[in-house]
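Data first, discussion second: the structure below is written as structure tokens.
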Amino acid sequence: MTTDFVLKAGASEIRTLSIQKPEHLEKLVMIGFNPVKALAVDCVVRLYTRSDVLLGSYNCAERQNHSLTQSLPATTQFKAQIEVSNNNFTQATTRFSVINRFKFVSSVR
């Protein structure tokens, strides 16, 4: 899932994405990010249940994967809130993309 941003120097933006669990998979086990290739950009992803219960907050400005060890509620939909801030004052605007990966698996073995 790719989210594109164009932000003025010093600006912030928040976007909310819906994440639908595939029917044949039961469990969300990992959130991953490709690095934001922009100077001085802060990026945070917050994962929520459908009923707005915060499940976790993750820094998405660097390449990384977060394995989810906590037991998640049985839900078919999650929300991800992406908050980015452009602290690059060397340019009037900065373009960048946040690439998120949400990995689901089957809990039946």
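Among the residues of region 49-60, is any touching a residue at least 60 places away in the same chain (Cβ under 8 Å), touching a Phe, Trp or Tyr at 6+ places or on another chain (Cβ under 8 Å) and of a type outside the set (F, W, Y)? Give the derivation first.
Of region 49-60, the ones touching a residue at least 60 places away in the same chain (Cβ under 8 Å) are none.
No, region 49-60 contains no residue that is touching a residue at least 60 places away in the same chain (Cβ under 8 Å), touching a Phe, Trp or Tyr at 6+ places or on another chain (Cβ under 8 Å) and of a type outside the set (F, W, Y).
If the condition is being out of contact with any Cys (no Cβ under 8 Å at 6 or more places or on another chain), open to solvent by less than 80 Å² (accessible area, probe 1.4 Å) and of a type in the set (A, V, I, L, M), then region 93-109 contributes I99, V105. A search for C-beta distances below 8 Å between a residue of region 79-91 that is over 18 Å from T2 (Cα atoms) and any residue that is open to solvent by 70 Å² or more (accessible area, probe 1.4 Å) and part of a strand (DSSP E or B), counting only pairs 6+ apart in sequence or on different chains, returns N87/D42. Just one of (1) open to solvent by less than 80 Å² (accessible area, probe 1.4 Å); (2) outside any strand (DSSP E or B); (3) in contact with a Lys or Arg (Cβ under 9 Å, 6 or more places away or on another chain); (4) not aromatic (F, W, Y) fails for D52. It is (1). On the stretch given as region 2-37, residues that are part of a strand (DSSP E or B), farther than 18 Å from N65 by Cβ and at pLDDT below 80 total 0. Restricting the search to region 84-109, which residues are hydrophobic (A, V, I, L, M, F, W, C), modelled with pLDDT under 85 and not in a strand (DSSP E or B)? Of everything in region 84-109, just one residue is hydrophobic (A, V, I, L, M, F, W, C), modelled with pLDDT under 85 and not in a strand (DSSP E or B), namely V108. Just one of the numbered conditions (1) surrounded by 12 or more Cβ atoms within 10 Å (Cβ to Cβ); (2) of a type in the set (V, I, T); (3) touching a strand residue (DSSP E or B) at 6+ places or on another chain (Cβ under 6 Å) is not true of T16: (1). Looking only at residues of region 19-49 that are touching a Cys at 6+ places or on another chain (Cβ under 7 Å) and buried (at least 17 other Cβ atoms within 10 Å of the Cβ), we find that the one that is farthest from K79 (Cα to Cα) is V36. Within the span defined as region 68-79, every residue fails to be open to solvent by 60 Å² or more (accessible area, probe 1.4 Å), touching a Gly at 6+ places or on another chain (Cβ under 6 Å) and not aromatic (F, W, Y).
The values are calculated or read from the model by the stated rules, or taken from the named source; none is laboratory data. Bear in mind the structure is a predicted one, so any value in this text is a computation, not a measurement. Note that we place each Cβ from the backbone using ideal geometry, even for glycine, and neighbour counts take in every protein chain shown. Each accessible area value is taken on the protein alone, full model and side chains, heavy atoms only, with ligands, DNA and RNA left out. Shrake-Rupley method; radii C 1.70, N 1.55, O 1.52, S 1.80 Å.
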